[in-house]
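Have a look at the structure below, then the notes.
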Amino acid sequence: MTRVPLERSDKKIFSESDLMSLSMPLWVMDLDQSRLVWANDAARKLWQAESLEELYSRNFEADISNTVASRLEHYRTASHESGQTFKELWTLYPEGKPCAYQVQISGHPLPDGRIGLRFEANPDSNRLPEQIRSAEALNHIPICISLYDMDGEPLYKNPAALETYGDAMLTLRGRFVKRSDYDKFVRGIRKGRSVTKICEVQTDKGKRWHEITGRRCFDGPTGQAACILTESDVTELKEKENRVRYLAHYDMLTGLHNRNYVNSHYPEMIELAFRGNERLVFMVVGLDHFKSINETLGHPTGDALLKHVASLLQLSLDEDDHIARLGGDEFVIVRSFRSTAELDVCCQTLLAAINSECCVGDHILSANASIGLVLFPEHGSDLPTLLRHCDLALHDAKDSGRNTYRFYRPALQQAALAKRSLEKDLARAVENGEFVLYYQPRVDCQSQKVVSAEALMRWQHPERGLVFPGEFIGALEDTGLIHKVGDWIVDRAGRDQRTLSRNGYNIPISINISPRQFERSDFVNRLKAGLAKTQCPADCIEIEITESMLMGETFDAKSVLMDLCRAGFSIAVDDFGTGYSNLAYIQEYPITSLKVDRSFVNMIEEQSSVINLILSLCRLIGISAVAEGVETIDQLAWLRMNHCDQYQGFLYSRPVPLEKLQELMTSSHQLMMKSRLPATLDSEVIWA
């Protein structure tokens, strides 16, 4: 077998016969084939082969572990690129007995142009067993172990360190990505401390995170001060840690900081502003009617809109501004400012940006938003207070018509405290049964006979006396107590209707339904079940809804009304004329009566054409027309002449308890009302 000359470290060229006669084992390996391609006779004996041909035919793949194979591959690459030579202490087994060898490894060109490895094995019989075992461990352990002098120059690197960093001559400073990490590390070692640090290092495979432990020691051969390092790769752990931190501090939908980040980092921002005598504004932006978008177009569409709004807000802000998503459809923005006029311009810019159209799937959307603003330090000195006041200002903006902004003012806090007190009192009122029903008669315009009565709730407050519903219905809806109170009204009205019937006054009772009740999927079944307990027939109860409820966006109003109709209930539309209903559209609903809003009746002379139009519609589609808020004889006379069916109002009676209602239904009261009417309906007198 023809072999190329082997160049020794002394740069002399030896003949093959010279090399073959050397007592030092010498061989060349083709790593790709895991075979020896040249060996001298000493190597043959070392590997216990009967002949060189038998040695060359061996496949060493099974004898080379993955760790050793990786290390040898690194040696080949480093030797080829920079001519480096490597030394390791090996334990080999000539004649079956363990023997320590100092093995020098370097690259060697193969005849076909590839690079192999040349091995020179010098016996090292002076090694103690402990030293041999230590060397074996250093060769195979995956942890990087390195020795440096106190100037950071390399003295030793175990195979794992060589494989990780590639360059055997890499200085200690060359490992660290950040100079600050290196300075802190070396400073601690020079003070004689053991230092452990997780930091970024520059490896042969790019930047990685290593946990490095270093301590001061002595270099054995020279006795000089040195430092020894052990390090392990913790990149995967660091990435998981960063991922956990990201999940903890960032909103996954928009990529903005989240409420956790706000709670943990914004207090520091407030503290710095306080020390620097800096004014900050906290702005909470809330989308208007966002819930209806989720319910009508679906949550994916709502999520897409939130991402779009988040992008718009970021584009509209300066680099020094801070923005986070608090949750739902609310965002918080913090920025420094000099004047409120500057904030006016900022809010107008934000509202205009949010209102721009965007395409989400098959939908073209344009959102509106409301903004609540709080000034630091005027309106609060800590984060919880500032955010709480932001919420109050935001709600004030929404109550002011939405698509606008409002600054916090102390009166909002007082109103919030009053509301909380009211809600607490209402919860007690529900438990203690403090509500009562009053009834206002609904009267036939011609005969003055009571044909039905509307149930109106009152709160018999233990301290304030009788409280009217305008003061507490909104709070009942906000707290969800409206459902429990609604069940009570159905029960009480049903029982009172039965009492009237037993006393000879079998008239229907009408009850008002809140939008919150109407939009519940179980509303009709809950109504029927509650009424059944009173043994009151459904056709003795009329359900009153407002005109705006016909246009419900989150429920099918027509379907609910049809279910009510099938169950036997009659249906009245209250406050008609104040909403947006098309008069002709009313006939598509199963409605039994329209109640003309009191605002028209109060201006009956100016609004006579509108009222006549409504009355004509009712006659056309065959439903009853009821005028609300009738307070004068002239108003009643006009309604009689223009064929209005029924009326309610103080002219006949204010809302009264059940006992008083029965008195109003006697014939004497009806005769008294008739006596007050004009004998003739003179058109010149009553504005026909």
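Points worth noting:
- The number of residues in region 145-173 being exposed (fewer than 15 other Cβ atoms within 10 Å of the Cβ) and within 22 Å of S70 (Cβ to Cβ) comes to 1.
- No other residue among F331, F376 is of a type in the set (A, V, I, L, M, F, W, C), touching a strand residue (DSSP E or B) at 6+ places or on another chain (Cβ under 7 Å) and more than 26 Å from L253 (Cα to Cα) apart from F376.
- Any hit, region 236-254, residues being in contact with a helix residue (DSSP H, G or I) (Cβ under 8 Å, 6 or more places away or on another chain) and assigned to a strand (DSSP E or B): yes
- Look at region 647-672: where a residue is within 22 Å of D574 (Cβ to Cβ) and in the same structural domain as A453 (by TED's automatic domain parsing) and a partner is assigned to a helix (DSSP H, G or I) and not hydrophobic (A, V, I, L, M, F, W, C), sitting 6+ places away or on another chain with Cβ atoms under 7 Å, you get L658/D496; L658/T499.
- Residue count for region 416-430, restricted to those that are among the acidic types (D, E) and more than 17 Å from F468 (Cβ to Cβ): 1
- Exactly one residue out of V68, V28 is in contact (Cβ under 8 Å) with a residue 40 or more places away in the chain, surrounded by fewer than 17 Cβ atoms within 10 Å (Cβ to Cβ) and β-branched (V, I, T): that is V68.
- Some residue of region 312-320 being more than 21 Å from V374 (Cα to Cα) and either more than 23 Å from the chain's Cα centre (by Cα) or not assigned by TED's automatic domain parsing to the domain that holds D556 (or both): yes
Each row is one residue, and each column tells you yes or no for (1) more than 19 Å from G255 (Cβ to Cβ); (2) hydroxyl-bearing (S, T, Y).
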position	(1), (2)
H289	yes, no
I293	yes, no
D303	no, no
L306	no, no
S311	no, yes
L317	no, no
H322	no, no
R325	no, no
A341	yes, no
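- Just so you know, in region 53-65 the residues that are in contact (Cβ under 8 Å) with a residue 24 or more places away in the chain and assigned to a loop (DSSP other than H, G, I, E, B) include one that is farthest from L89 (Cα to Cα), and it is N59.
- Qualifying residue in region 356-363 (condition: out of contact with any strand residue (DSSP E or B) (no Cβ under 6 Å at 6 or more places or on another chain), among the aliphatic types (A, V, I, L, M) and either crowded, with 19+ Cβ neighbours inside 10 Å or in contact (Cβ under 8 Å) with a residue 12 or more places away in the chain (or both)): yes
- Some residue of region 92-104 being among the charged types (D, E, K, R), modelled with pLDDT of 75 or more and in the same structural domain as M20 (by TED's automatic domain parsing): no
- Selection of first residues in region 250-274 that are farther than 21 Å from L312 by Cβ and of second residues that are in a helix (DSSP H, G or I) and of a type in the set (G, A, S), restricted to Cβ pairs under 7 Å at least 6 apart or on distinct chains, gives the following pairs, ordered by first then second residue: N260/A248.
Each row is one residue, and each column tells you yes or no for (1) under 15 Å from N403 (Cβ atoms); (2) modelled with pLDDT under 90.
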residue	(1), (2)
E330	no, no
R335	no, no
C347	yes, no
C358	no, yes
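- All positions within region 168-226 that are among the acidic types (D, E), part of a strand (DSSP E or B) and closer than 28 Å to S82 by Cβ: E200
- Complete set of residues in region 272-311 that are over 18 Å from the mean Cα position of the chain (by Cα) and closer than 14 Å to L351 by Cα: M283
Okay, residues lined up against (1) of a type in the set (K, R); (2) over 52 Å from the mean Cα position of the chain (by Cα); (3) buried (at least 21 other Cβ atoms within 10 Å of the Cβ); (4) within 24 Å of A455 (Cβ to Cβ):
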position	(1), (2), (3), (4)
S570	no, no, yes, yes
E588	no, no, no, no
A627	no, no, yes, yes
L636	no, yes, yes, yes
Q670	no, yes, no, yes
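- Identity of the residue in region 262-295, loosely packed, with under 14 Cβ neighbours inside 10 Å and of a type in the set (A, V, I, L, M, F, W, C), that ends up nearest to V374 (Cα to Cα): F274
- Scanning region 160-183 for residues that are in contact with a Lys or Arg (Cβ under 7 Å, 6 or more places away or on another chain) and farther than 15 Å from S232 by Cβ gives A168, V177, D181, Y182.
- Only one of Y246, Y261 that is under 15 Å from the mean Cα position of the chain (by Cα) and more than 30 Å from Q348 (Cα to Cα): Y246
The values are calculated or read from the model by the stated rules, or taken from the named source; none is laboratory data. Computed from a prediction, not measured in an experiment: that's the story for all the values here. Virtual Cβ from ideal backbone geometry, glycine too; neighbours counted across all protein chains shown.
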